[in-house]
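These notes are about the structure you will find just below.
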Amino acid sequence: MKRVAILISGGGSNMVTLVDSMTGDHPARPCLVLSNNAEAGGLAKARARGIPTAVVDHRPYKGDRPAFENALAAAIAPHGADIICLAGFMRVLTAGFVTPWQGQMLNIHPSLLPKYRGLNTHARAIEAGDNEAGCTVHEVTAELDDGPILGQARVPIHEGDSPEQLAARVLKQEHALYPAVLKRFAAGDRTPITLG
Ligand code: GAR
């Protein structure tokens, strides 16, 4: 059974769908939910599900990313994780943290990568006049929102959509895609999947 640490910064809706999916014959179980933000709403949801939680606040490490990443690694280590899932974790991770986990760390990003790396993906897709958007689960490398793609889900962009309306439509697909990819990944299957 693989052990999964999930890193969050906010509400943790993707974390919840991952945790709730890891039951029965699923080849993984959650071992930790960690946030860089003590106020993250997802922490209470994890506790309510009996998952150990940890907080590593990035703010005291301002300007010293390696020290923050060392603290992250130290907080994760006692939990014996085999896989890390970034689920709305809004800190950029550098090679020092990522390299030892390469091939064992996943991220979900709210765009159809390689389009729209970084922030404000929905506003940028609308602004560009795209007629579809979506989300991507990929392996994490030291390059931002890069790395082998493991799954994508597509949604239409409707005339007059606001970024918030589009984000809600994409988030629904994130909740289907991430658990589907994790289940296959934990079983050793890295064949990309497409939903929608
Ligand atoms: C999700 O839409 C996720 O794709 C995005 O943050 C949201 C977190 O929501 N991640 C990124 O933008 C990473 N760069 P959640 O806390 O409800 O899962």
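Among the residues of the range 35-53, the ones that are surrounded by 15 or more Cβ atoms within 10 Å (Cβ to Cβ) and without any contact (Cβ under 8 Å) to a residue 24 or more places away in the chain come to 1 in all. The set of residues in the range 105-129 being in contact with a Phe, Trp or Tyr (Cβ under 9 Å, 6 or more places away or on another chain) and part of a loop (DSSP other than H, G, I, E, B) consists of Pro110, Ala128.
Being part of a strand (DSSP E or B) and in contact (Cβ under 8 Å) with a residue 12 or more places away in the chain: is that true of Gly96 here? Criteria not met by Gly96. In the range 147-176, of all residues being within 12 Å of the ligand (Cβ to nearest atom) and of a type in the set (D, E, K, R), the one that is farthest from Arg190 (Cα to Cα) corresponds to Glu164.
Does Gly147 satisfy being within 26 Å of Gly80 (Cα to Cα), modelled with pLDDT of 95 or more and assigned to a loop (DSSP other than H, G, I, E, B)? Yes: the conditions hold for Gly147.
Within the range 17-34, the only residue that satisfies the criterion of being within 10 Å of the ligand (Cβ to nearest atom) and buried (at least 21 other Cβ atoms within 10 Å of the Cβ) is Leu18. Once the range 145-175 is narrowed to residues that are under 13 Å from the mean Cα position of the chain (by Cα) and within 19 Å of Ile8 (Cβ to Cβ), the residue that is surrounded by the most Cβ atoms within 10 Å (Cβ to Cβ) is Glu174.
The values are calculated or read from the model by the stated rules, or taken from the named source; none is laboratory data. Fair warning: this is a prediction, and the values are worked out from it, not measured in the lab. Note: ideal-geometry Cβ built from the backbone for every residue, glycine included; neighbour counts use all protein chains shown.
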